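One structure below.
The values are calculated or read from the model by the stated rules, or taken from the named source; none is laboratory data. Predicted model, so just to flag it, every value in this text is computed and none were measured. No Cβ is skipped: glycine too gets one built from the backbone with ideal geometry, and neighbour counts run over all protein chains shown.
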Protein chains: 2
Amino acid sequence: MRISKKTQYGLRAMIHIAKNGKKSLKEIAKAENISVDFLEKILKDLQSNGLLVSKKGSSGGYSLARKPEKIYAGEIVETLEGIVPVECEGCQMARICSSKNIWDDVKDSLQETLYSKTLKDLIK
Amino acid sequence: MRISKKTQYGLRAMIHIAKNGKKSLKEIAKAENISVDFLEKILKDLQSNGLLVSKKGSSGGYSLARKPEKIYAGEIVETLEGIVPVECEGCQMARICSSKNIWDDVKDSLQETLYSKTLKDLIK
DNA sequence: CTCATAACCGACTTGATTAGTCGGTTTTAA
DNA sequence: TTAAAACCGACTAATCAAGTCGGTTATGAG
């Protein structure tokens, strides 16, 4: 049960942009001490999943696709690594499986926690 | 955010023993359709962490170290893969980090969910 | 117009972790 | 005494996480 660096970096980058407005990849990478090349892929993911908008060329950069109070931590985690802890689809035993319940509970509580916080909550 | 096969198998094995009493490795592996060799290591882990007791020789096998109502799902997960989602120890920024809070929340809700269910709850 | 800047894109590498295998040893009770 | 069972350590294959690299495309400032 651990959160990948990718997700950790992604959240930090989103928070950085929420706090400072439009920023370039380089600026974010430097401020947050993250590898530029790695962060690039992360920001691309966030962009193609509708959490960031990007602008090419000089004076370009990344900015939030929505207001901070409309972006949920859960969306970031879901984009960068997913929240489903156990894949029961396809398992024949799923109907009668005694352990399925608890994995469903874990998923629910994870969702609950991650969707109860927006970027606005986090930058305070 | 996913639960390893090791943990999934471990929980299923614990449930199997809770339902059926003392069982041998082979019996559990067959009933739960898990590789014998892999399950062996899992049961060893559960034994050395005080969740199972084992008996060698003929008519040996594994049984619960405590009553099912005294064994928490969280103990099983903690033994087989750990619950801490993000390691902030050693990070210089931890004091002022805006994202630390949410990872703490995730950890708390995970603990809450996993320690609110005992094996007894699960076998019903 | 052009050029520096910045995002886009795909392929590749490296190391760690997961999931599993295998061969042999020790203990126990029927 | 012997079959059944747990114990033990080393090994392997596949997958994934994390990071690197080289080049392409778009854009606005000068």
Condition test on A:I96, is it within 23 Å of B:Y115 (Cα to Cα) and not basic (K, R)? yes
Do we have any residue at all in region A:28-37 that's of a type in the set (K, R), in contact with a helix residue (DSSP H, G or I) (Cβ under 7 Å, 6 or more places away or on another chain) and more than 10 Å from DNA strand C (Cβ to nearest atom)? no
I'd like the residue in region B:60-94 that is within 16 Å of A:V86 (Cα to Cα) and among the small types (G, A, S) and, out of all such residues, is surrounded by the fewest Cβ atoms within 10 Å (Cβ to Cβ). B:G82
Please verify whether A:K19 is within 13 Å of chain B (Cβ to nearest Cβ), surrounded by fewer than 18 Cβ atoms within 10 Å (Cβ to Cβ) and touching a residue at least 40 places away in the same chain (Cβ under 8 Å), treating the condition exactly as stated. yes
Name the one entry in A:E27, A:E69 that is more than 21 Å from B:C91 (Cα to Cα) and at pLDDT 95 or above. A:E69
Tell me which residues, restricted to region B:6-20, are within 15 Å of DNA strand C (Cβ to nearest atom) and of a type outside the set (A, V, I, L, M). B:K6, B:T7, B:Q8, B:Y9, B:G10, B:R12
Is it the case that A:L119 is in contact (Cβ under 8 Å) with a residue 24 or more places away in the chain, within 11 Å of chain B (Cβ to nearest Cβ) and within 20 Å of B:I3 (Cα to Cα)? no
Any idea which of (1) surrounded by fewer than 20 Cβ atoms within 10 Å (Cβ to Cβ); (2) within 14 Å of chain A (Cβ to nearest Cβ); (3) within 26 Å of B:P85 (Cβ to Cβ) is the one B:R12 doesn't satisfy? (1)
Give all pairs with beta carbons closer than 7 Å in which a residue from region A:45-68 that is polar (S, T, N, Q) meets a residue that is in a helix (DSSP H, G or I); count only pairs at least 6 apart in sequence or on separate chains. A:N49/A:T79; A:S54/A:Q47; A:S63/A:I17
